[in-house]
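Engineer: Encoded as structure tokens, here's the structure I'll be asking about.
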Amino acid sequence: MKLLLDSTRCQGYGLCQEHAPELVELDEWGYAKVLTVAVPSGAEDTARACADSCPNSALRVER
């Protein structure tokens, strides 16, 4: 499973980082940076919640 970021859709809300701080970090302007492409085992639900929290669908989970 992978967590993918479409940086062109990110508006810097930071909700993804609140849901999954171990997977996402924010840059100095508040925009998302995905820390890891592969979702660690046991973090699948966290990755889905992270992607679901984005109002602009900038993040998605892919198998």
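The values are calculated or read from the model by the stated rules, or taken from the named source; none is laboratory data. Computed from a predicted structure; not experimentally measured. Backbone-built Cβ (ideal geometry, glycine too); neighbour counts: all protein chains shown. Surface areas here come from the heavy atoms of the whole protein model, side chains and all, with no ligands, DNA or RNA. Shrake-Rupley method; radii C 1.70, N 1.55, O 1.52, S 1.80 Å.
Engineer: Which length gain, in nm to one decimal place, applies between Glu18 and Leu35 when the Cα-Cα distance is subtracted from 0.36 nm times their residue separation? It would help to have the intermediate numbers written out before the result.
Structural biologist: Details: separation 17, 0.36 × 17 = 6.12 nm, distance 1.38 nm.
Using 0.36 nm per residue and subtracting the Cα-Cα distance, I get 4.7 nm.
Engineer: Once you keep just the Cα pairs under 8 angstrom separated by 6 or more residues, what percentage relative contact order results for the chain?
Structural biologist: In percent, rounded to a whole number, it is 47.
Engineer: Would you tally the net charge around Cys54, using a Cβ to Cβ cut-off of less than 14 Å, leaving Cys54 out, and scoring K and R as +1, D and E as -1? Present the calculation step by step, with values, prior to reporting the outcome.
Structural biologist: On the way: positive: Arg9, Lys33, Arg48, Arg60; negative: Asp6, Glu18, Asp52.
Within the 14 Å Cβ shell, the charges total +1.
Engineer: Please give, to one decimal in nm, the separation of the simple spin-label points placed at Lys2 and Arg63, each 7 Å out from Cα toward the Cβ.
Structural biologist: In this crude spin-label approximation the distance works out to 1.6 nm.
Engineer: Moving on to the next point. Find out how many positive minus negative residues lie around Leu26, taking Lys and Arg as positive, Asp and Glu as negative, among other residues whose Cβ is under 12 Å from that of Leu26. Present the calculation step by step, with values, prior to reporting the outcome.
Structural biologist: Working: positive: Lys33; negative: Glu18, Glu25, Asp27, Glu28.
My count for the surroundings of Leu26 gives -3.
Engineer: Expressed in nm², what is the orientationally averaged projection area of the convex hull enclosing the Cα positions of the chain?
Structural biologist: With the hull built on Cα positions only, its mean projection is 3.5 nm².
Engineer: Please give the charge dipole size of the chain, origin at the Cα centre, charges +1 on K and R Cβ atoms and -1 on D and E Cβ atoms. Round to the nearest 20 debye.
Structural biologist: Once rounded to the nearest 20, the dipole reads 240 debye.
Engineer: Separate question: Subtract the Cα-Cα distance of Arg9 and Glu25 from 0.36 nm times their separation in residues, and report this length gain in nm to one decimal.
Structural biologist: Extra length from Arg9 to Glu25 when fully extended: 4.2 nm.
Engineer: Something else now. Give me the accessible area per residue for the chain, probe 1.4 Å, as a whole number in Å².
Structural biologist: 63 Å²
Engineer: How many percent of the accessible area of the chain is carbon or sulfur, using a 1.4 Å probe?
Structural biologist: 45 percent
Engineer: Summing -39500 (n - 2.57) over the DSSP H runs of n ≥ 4 in the chain and dividing by its residue number, what mean residue ellipticity at 222 nm do you reach, to the nearest 500 deg cm²/dmol? List each step's numbers first, then the result.
Structural biologist: Values: 2 runs with 15 residues, N = 63.
Helix-only estimate at 222 nm: -6000 deg cm²/dmol.
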